[in-house]
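The values are calculated or read from the model by the stated rules, or taken from the named source; none is laboratory data. The shown structure was predicted, so the numbers you read here are calculated from the model rather than taken from an experiment. Cβ placement follows ideal geometry from the backbone for every residue including glycine, while neighbour counts extend to all protein chains displayed.
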Amino acid sequence: MKRWQEEVFVFGFAHDAKGGLLGGKKLLLSMTSGAPESHYRLGGRMNYPMEVFQIPLQQFAALCGMDFAGVVYTGGYNLGRREAERDKQTAQAKAHARALAEKIRELTGAAR
């Protein structure tokens, strides 16, 4: 992710004194975590709410003149699960994909 940011968010492409080539575009974040959503809170295992981890990406969007369009987030998506839990993992992935597709449709005004 860091390398992608360094290569995409460069002065003269992503942003410049006039706004850059990304200005006016929408940034929608699609995020998953292995830890359950309940761990993302003050004093929780991850120490902070998930929203805090999004702040640097929101700032990149602002710097580039992009519209921050929100987040589709799924917690507890652990790829290291045992074989017996694979169906649950697959269901989580499909649910996340449906939520992401719905948000994209909402943002673009596309019909189902």
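Within the set of pairs 6+ apart or on separate chains, which have a first residue in region 79-94 that is over 17 Å from SER30 (Cβ atoms), a second that is surrounded by 10 or more Cβ atoms within 10 Å (Cβ to Cβ) and at pLDDT 80 or above, and C-beta atoms under 6 Å apart?
Correct list of pairs: ARG81/GLN89.
Run down GLY65, GLY23 and say which single residue is more than 18 Å from the chain's Cα centre (by Cα) and either part of a loop (DSSP other than H, G, I, E, B) or over 24 Å from ARG105 (Cα atoms) (or both).
Selected residue: GLY23, the only one of GLY65, GLY23 that is more than 18 Å from the chain's Cα centre (by Cα) and either part of a loop (DSSP other than H, G, I, E, B) or over 24 Å from ARG105 (Cα atoms) (or both).
Need pairs with beta-carbon distance below 9 Å; first residue touching a residue at least 12 places away in the same chain (Cβ under 8 Å) and more than 18 Å from GLY23 (Cα to Cα) and within region 1-13, second charged (D, E, K, R) and assigned to a helix (DSSP H, G or I); sequence gap 6+ or separate chains.
none
Can you spot a residue in region 58-81 that is exposed (fewer than 12 other Cβ atoms within 10 Å of the Cβ) and at pLDDT 90 or above?
yes
Among the residues of region 26-54, write down those that are more than 14 Å from TYR73 (Cβ to Cβ) and loosely packed, with under 13 Cβ neighbours inside 10 Å.
The answer is LEU42, GLY43, ARG45, ASN47.
Among LYS18, LYS94, which is charged (D, E, K, R) and modelled with pLDDT under 85?
Exactly one of LYS18, LYS94 is charged (D, E, K, R) and modelled with pLDDT under 85, namely LYS18.
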